[in-house]
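**Q** I have a structure I would like to understand better, so I am pasting it below and will then ask my questions one at a time.
The values are calculated or read from the model by the stated rules, or taken from the named source; none is laboratory data. If you're wondering where the values come from, they're calculated on a predicted model, not measured in any experiment. For neighbour counting, all protein chains shown are included, and Cβ atoms are generated from backbone atoms with ideal geometry for every residue, glycine included. Accessible surface is based on the protein model in full, side chains and every heavy atom, while ligands, DNA and RNA are left aside. Shrake-Rupley method; radii C 1.70, N 1.55, O 1.52, S 1.80 Å.
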Amino acid sequence: MKNLTLLLTFSFITIVLSKSYCQDTGFVGYATASIKQDSIKELNYVGFSDKEKSLKYNSSTIQPIGSVSKTFIGLSLMIAKEKGLLDLDEDIHKYIDFEFVNPNLKKENKITLRHLATHTSGIIDNEKQYESSYSFGLKPNMELGDYLKEYLTKKGSKYSKKNFNKSKAGEEYEYSNIASGLTAYIIEKVSGKSFDLFTKEYIFKPLGMKNTGWFYKDIEKLNHAVLYDEQDKALEPYSCAVYPDGSLKTTINDLSIYLIELMKGYNKKSKLLSEKSWEELFKKNFNDDVNVKNINKKEPNSGLFMVYFKSGSIGHTGSDLGVSTIMTFNPKTNNGKIFMANEDLTERNLEKFKLIWSNIK
């Protein structure tokens, strides 16, 4: 797979559609954003949100952002922690209404929220079973909690030893959409609110993200982009039971507002969280004293669902069926950028993407 109110006026935003951007890009449609300090410098919209109807990708276009959605789980974790609802280093069984164990281990294995948020819990994505979380239609085929129980508990219909690796929690990195969904479910249990409502109340509304939601019912469906596969074939609308891992739907403007707040938080300028909580969100969890196996050299460290890239930038990438997204900021220059497209990123358009990304200044 997947905060103070910020008032933006067009006087602060330059929207440029340069001649070079209007040429064939290898994507049906996409948008980019350039962030400088605490404001949007430039937004670009290229191609179509609906090729068949000749509808241009524009400021109102809404699309999923894939795993960039996971950064909202990280931020939600810190909001819940500040409310005294959870402890990042407590055994997660304190918070959930079912029990499970890693069947590949015989020794004691305490899994914490920090393990889940850094992909070191031992819970992994069994591709065959994970695919069953997707379904065609405007709403998921199962509730988040029900799906997780079926996947993680021994009597579950989606249970398998292959749903877990063979390492004790905290010892091995293995990217996991299921573990991400479990983190969001824990936030639901401790807060008494569904994760979509939790993020709406504590993130989307305070930030003024008015065109953002997890489900089709939460957005203006007429503005939702058609998604396309690598052959530029339109895909049917689909949903995912483990929706917090990658199903957030938003516009380039709303996502830019969010990125600005992350940058402000990193620089201790945001009141959405305390300075201490922002530090915890971005704190690097891997170091010489924490010998974690299987770390990706291109992504050598991690905050709480906040990826540190080899370049020094912080953010996240996202991909899903018909979706390509990347959102990063440079903590040294305090500049950020976003790319989001309604088509898969593949070998066919990879070079085009690299050119587009390098041109976002």
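**Q** How much FRET efficiency would the formula 1/(1 + (r/R0)^6) give for Lys193 and Lys284, where r is the Cβ-Cβ distance and R0 is 30 Å, rounded to 0.05?
**A** Computed FRET efficiency for Lys193 and Lys284 comes out at 0.50.
**Q** On the accessible surface of region 241-340, probed at 1.4 Å, how many percent belong to carbon and sulfur atoms?
**A** Carbon and sulfur together cover 46 percent of it.
**Q** If you count only protein heavy atoms and use a 1.4 Å probe, how large is the accessible surface of Glu299, to the nearest 10 Å²?
**A** Per-residue accessible area (Glu299): approximately 50 Å².
**Q** Under a 5 Å amide H to amide H cut-off, with H placed in plane at 1.01 Å, what residues pair with Asn301 once short-range neighbours are removed?
**A** Under 5 Å from the amide H of Asn301 lie the amide H atoms of Tyr308, each far enough along the sequence or on another chain.
**Q** Using the alpha-carbon centroid of each, what span in Å lies between region 85-107 and region 286-356?
**A** Cα centres, region 85-107 to region 286-356: 29 Å.
**Q** Report, by chain and number, residues whose modeled amide H sits under 5 Å from the one on Phe164, excluding near sequence neighbours (fewer than 5 apart, same chain).
**A** Those qualifying (amide H under 5 Å, at least 5 residues apart or on another chain) are Ile124.
**Q** So, for the chain, what is the accessible surface per residue at a probe of 1.4 Å, expressed in square angstrom?
**A** Values: 16450 Å² over 361 residues.
Here the per-residue accessible area is 46 Å².
**Q** Another question about this same structure. Could you order Leu222, Leu75, Leu85 so the one with the most accessible surface comes first? Probe is 1.4 Å.
**A** Listed by decreasing accessible area, they come as Leu222, Leu85, Leu75.
**Q** Next question. Mind listing the phi-derived Karplus ³J(HN,Hα) values for region 57-62, rounded to whole Hz, using 6.51, -1.76 and 1.60 with θ = phi - 60°, and x for any glycine or proline?
**A** Rounded to whole hertz, the list is 5, 9, 5, 9, 5, 10.
**Q** A further question on this structure: Please give the solvent-accessible surface of Trp214 in Å², to the nearest 10, using a probe radius of 1.4 Å with every protein chain present.
**A** Ignoring ligands and nucleic acids, Trp214 comes out at about 0 Å².
**Q** Cα to Cα, under 17 Å, and not fewer than 8 places away if on the same chain: which aspartates and glutamates meet these conditions relative to Lys139?
**A** Of all the aspartates and glutamates, those that pass the test against Lys139 - Cα under 17 Å, at least 8 places apart if same chain - are Glu131, Asp196, Asp218, Glu220, Glu236, Asp245, Asp320.
**Q** Give a residue-ordered list of calculated ³J(HN,Hα) values for region 212-221 (Karplus: 6.51 cos²θ - 1.76 cosθ + 1.60, θ = phi - 60°; whole Hz; x for Gly, Pro).
**A** 10, x, 8, 10, 4, 5, 8, 10, 7, 4
**Q** Which whole-Hz couplings ³J(HN,Hα) result when phi for each residue of region 274-283 is put into the Karplus expression 6.51 cos²θ - 1.76 cosθ + 1.60, θ = phi - 60°, listed in order with x for Gly and Pro?
**A** 6, 4, 4, 6, 4, 4, 5, 4, 9, 4
**Q** So what are the chain's ellipsoid semi-axes, whole angstrom, largest first, if each one is the square root of 5 times an eigenvalue of the alpha-carbon gyration tensor?
**A** Ellipsoid half-lengths, sorted descending, are 32, 23, 19 Å.
**Q** Accessible area, 1.4 Å probe, largest first: how do Asp125, Asp146 sort?
**A** Heavy-atom accessible area, descending, gives Asp146, Asp125.
**Q** As a check on your grasp of the helix formula, calculate [θ] at 222 nm for the chain: sum -39500 (n - 2.57) over DSSP H runs of n ≥ 4, divide by the residue count, round to the nearest 500.
**A** Counting only the DSSP helices, I get -6500 deg cm²/dmol.
**Q** For Cα pairs less than 8 Å apart in space and 6+ apart in sequence, what is the mean separation divided by the residue count of region 26-127, i.e. the relative contact order in percent? Can you show the working numbers first?
**A** Working: 86 pairs, mean separation 15.0, N = 102.
Relative contact order of region 26-127: 15 percent.
**Q** Starting from the eigenvalues of the Cα gyration tensor, five times each then square-rooted, give me the equivalent ellipsoid semi-axes of region 95-239, largest first, whole Å.
**A** 30, 20, 14
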